[in-house]
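Only one structure is covered here, and it is reproduced in the block below.
The values are calculated or read from the model by the stated rules, or taken from the named source; none is laboratory data. Since we're looking at a predicted model, the values are computed, not measured. Positions of Cβ are generated from backbone atoms using ideal geometry, with glycine treated the same way; all protein chains shown enter the neighbour counts. Accessible surface is based on the protein model in full, side chains and every heavy atom, while ligands, DNA and RNA are left aside. Shrake-Rupley method; radii C 1.70, N 1.55, O 1.52, S 1.80 Å.
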Amino acid sequence: MGPTHSIGFETQREEVLGERLPVEGDLPAWLTGRYVQNGPGQFEVGETALRHWFDPLAMLRGFRIDDGVVYTNRFVRSRDFEFAQDRGRVRTPFPGTPPDRPVWTRVWQALASEFPDNPVIGVARFGDELAAVTESAVALTVDPETLATTGRIDLTDGVDADLTLGHPHYDPARETLVNLGVSYGLETTYTLFRRDDTTVETTASLTFDDAPYVHSFALTERFAVIPSMPFGLDRTALLVGTATRQTLLDAFERFDRVGEFVVVDRETGAVVARVEADPMFVYHHANAFRDGDDLVVDLVAYPDERAVTDLVLANLRSESPSVPQGDLRRYRLPLNGGRATFETVREGQLEFPVVDYPRRLGRPYDYVYVAETSSKSGASLPTRVAKVSVPDGKAVAWSEPETYPGEPMFVRRPDARSEDDGVVLSLVLDGRRDRSFLLVLDAATMSELARAPLPHRVPYGFHGQFYADDAPTRSMA
């Protein structure tokens, strides 16, 4: 019998509201709050099978933890979702699936920079509002209890940008969200900005002759570090492809140049350094901090653009999938000149690096939690969740046969005396039982404390946040 990972890429249409889950084991008494994860829910629209892992319609999974676990899941009622339900067609150009619209509508969408509003990447708080987010101009607000969609927030308001990234940072010292806006044209512009409850302030604008794809960036107390790697969009091919039903996936390419890290002073907006680096592709950063005249930047690095192009659903569902190898690397960026160097902290495949955020944001740290895929499993999904010591790469992990743990979420104990004093949450897909369960691990030992089985299976998810009752701030970038 082959691996059971393919069920992680199958639609789940059932929505559950406020169901109390059975708990096996003991939840820590101090663990009170709300864990909300975002990710795919529906993998087809009408008769159209969605092509890429970033295409499916978004579904939120929510867990209220307080002397027990109460579970709710709900599709986000975006315009893309409503169009799909009402008409059985794709409304806007998804990363791997073209819209089911007339050619003149597709061309107008390209010229008007109309992006999907299907918020499938993560969640964020804007003031008192909880919202689902993706790489888009808008966030969709939801009721924290029922996860019902309640409204829309224009994320480009006050920012000269077509869209914003789905991975904003939270700066606890300034109590602001820090993010990048993106504009496409003859040049590509990335705009660094910060947003609090009432104001938006632009810090810097960076222009590029090509269109490098940036999914996330690193932040220290003084600097923002933006990876400009030679992988991104052929803008001409993308525009022409609107008539021929080509997509972002078809227009994704490697540029003929070196990579670089752009280091920006967060207060003045000045570009402090452009540090050349060997080409690599990055989705997620673990952390960054200053070390003398260097910046240390820890991230998951892939060799090339196959980190994007191999994530087609046909490949991920197959019995022998081609899984991109992401390694945990530590880069050193000399601020006084010279090229970036790196050492491999831990070889992949691994992803979803999470630290004690935001307490360790921009500071030296000892541990990062990741989801790893065993090369022997033959699966396209992670098979264990690991606590990795940096920079030596030693790890202790939790695993169970035919289970696929999602992104690890570190939750610090309120009176913690050490960096790993807390728990790790992970939403796990159980391939043997065709169900999912919420897993609670001791963050120091990675031993299981408790699990709460769901009444059904939910597709493998992307990113979440834990909002503690006494400190409802972001728990990861």
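Pick from region 319-371 the residues that are in a strand (DSSP E or B) and β-branched (Val, Ile, Thr): which of them is farthest from Arg274 (Cα to Cα)?
In the first step, residues of region 319-371 are kept if they are in a strand (DSSP E or B); the result is 327-334, 341-346, 350-354, 367-371.
With β-branched (Val, Ile, Thr) added as a condition, the list becomes 341, 344-345, 354, 368, 370.
On the way: Thr341: 14, Thr344: 22, Val345: 24, Val354: 26, Val368: 27, Val370: 29 Å.
Checking each candidate, the answer is Val370.
Could you check region 211-236 and list, in sequence order, the residues that are open to solvent by 40 Å² or more (accessible area, probe 1.4 Å) and either part of a helix (DSSP H, G or I) or of a type in the set (Gly, Ala, Ser) (or both)?
Passing the criteria: Arg235, Thr236.
Criterion first (surrounded by 23 or more Cβ atoms within 10 Å (Cβ to Cβ), closer than 30 Å to Asp310 by Cβ and of a type in the set (Ser, Thr, Tyr)) does Ser113 satisfy it?
No.
Considering each residue of region 234-269, count those that are of a type outside the set (Ser, Thr, Tyr) and within 22 Å of Pro168 (Cβ to Cβ), and give that number. It would help to see each step written out before you state the result.
Let us first name the residues in region 234-269 that are of a type outside the set (Ser, Thr, Tyr), namely 234-235, 237-241, 243, 245-246, 248-267, 269.
Next cut, within 22 Å of Pro168 (Cβ to Cβ) only: 248, 261-267, 269.
Here the count works out to 9.
Which ones in region 268-288 are part of a strand (DSSP E or B), open to solvent by 10 Å² or more (accessible area, probe 1.4 Å) and more than 20 Å from Glu351 (Cα to Cα)?
Within region 268-288, Val271, Val272, Ala273, Arg274, Glu276 meet the criteria.
So the check is Cβ under 8 Å with 6+ separation or different chains; which pairs have a first residue in region 15-40 that's closer than 16 Å to Arg77 by Cβ and a second one that's open to solvent by 30 Å² or more (accessible area, probe 1.4 Å) and of a type in the set (Lys, Arg)?
Qualifying pairs under 8 Å: Glu15/Arg74; Leu17/Arg74.
Just one of the numbered conditions (1) farther than 27 Å from Pro453 by Cα; (2) in contact with a strand residue (DSSP E or B) (Cβ under 8 Å, 6 or more places away or on another chain); (3) in a loop (DSSP other than H, G, I, E, B); (4) open to solvent by 20 Å² or more (accessible area, probe 1.4 Å) is not true of Ser374; which one?
(1)
Would you say Ser205 is open to solvent by 10 Å² or more (accessible area, probe 1.4 Å) and either within 12 Å of Tyr190 (Cα to Cα) or at pLDDT 95 or above (or both)?
Here the answer is yes, as Ser205 does meet what is asked.
Kindly establish whether Arg363 is buried (at least 20 other Cβ atoms within 10 Å of the Cβ), within 22 Å of Glu221 (Cα to Cα), touching a strand residue (DSSP E or B) at 6+ places or on another chain (Cβ under 8 Å) and not acidic (Asp, Glu).
no
Kindly provide the set of residues from region 140-167 that are closer than 25 Å to Ile65 by Cα and either in contact with a helix residue (DSSP H, G or I) (Cβ under 7 Å, 6 or more places away or on another chain) or not β-branched (Val, Ile, Thr) (or both), ordered by number. Talk me through it step by step, then tell me what you get.
Residues of region 140-167 that are closer than 25 Å to Ile65 by Cα, as a first pass: 140-150, 167.
Once the filter is applied, which keeps residues that are closer than 25 Å to Ile65 by Cα and either in contact with a helix residue (DSSP H, G or I) (Cβ under 7 Å, 6 or more places away or on another chain) or not β-branched (Val, Ile, Thr) (or both), region 140-167 yields Leu140, Asp143, Pro144, Glu145, Leu147, Ala148, His167.
A quick yes/no check of all residues on (1) among the hydroxyl-bearing types (Ser, Thr, Tyr); (2) outside any loop (DSSP other than H, G, I, E, B):
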position	(1), (2)
Val388	no, yes
Ser426	yes, yes
Phe437	no, yes
Tyr460	yes, no
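If I filter region 319-337 down to residues being modelled with pLDDT under 95 and closer than 30 Å to Asp293 by Cα, which single residue comes out as most open to solvent (accessible area, probe 1.4 Å)?
Asn336
Just need a number here: residues in region 294-318 that are within 15 Å of Val225 (Cα to Cα) and open to solvent by 10 Å² or more (accessible area, probe 1.4 Å).
Summing the residues that are within 15 Å of Val225 (Cα to Cα) and open to solvent by 10 Å² or more (accessible area, probe 1.4 Å) in region 294-318 gives 1.
Inspect region 69-79 for any residue being of a type outside the set (Val, Ile, Thr) and surrounded by fewer than 18 Cβ atoms within 10 Å (Cβ to Cβ) and give the result as yes or no.
yes
Condition first: surrounded by 14 or more Cβ atoms within 10 Å (Cβ to Cβ) and either touching a helix residue (DSSP H, G or I) at 6+ places or on another chain (Cβ under 8 Å) or over 16 Å from Val133 (Cβ atoms) (or both). Now tell me which residues in region 177-193 satisfy that.
Ser183, Tyr184, Thr188, Thr189, Tyr190, Thr191, Leu192
Which is under 23 Å from Val424 (Cβ atoms), touching an Asp or Glu at 6+ places or on another chain (Cβ under 8 Å) and open to solvent by 10 Å² or more (accessible area, probe 1.4 Å), of Gly88, Gly25, Gly46?
On inspection, the qualifying residue turns out to be Gly25.
Out of (1) buried (at least 16 other Cβ atoms within 10 Å of the Cβ); (2) not in a strand (DSSP E or B), what's the single condition that is false for Ala243?
(1)
What is the residue count in region 246-267 for residues that are open to solvent by 70 Å² or more (accessible area, probe 1.4 Å) and part of a strand (DSSP E or B)?
1
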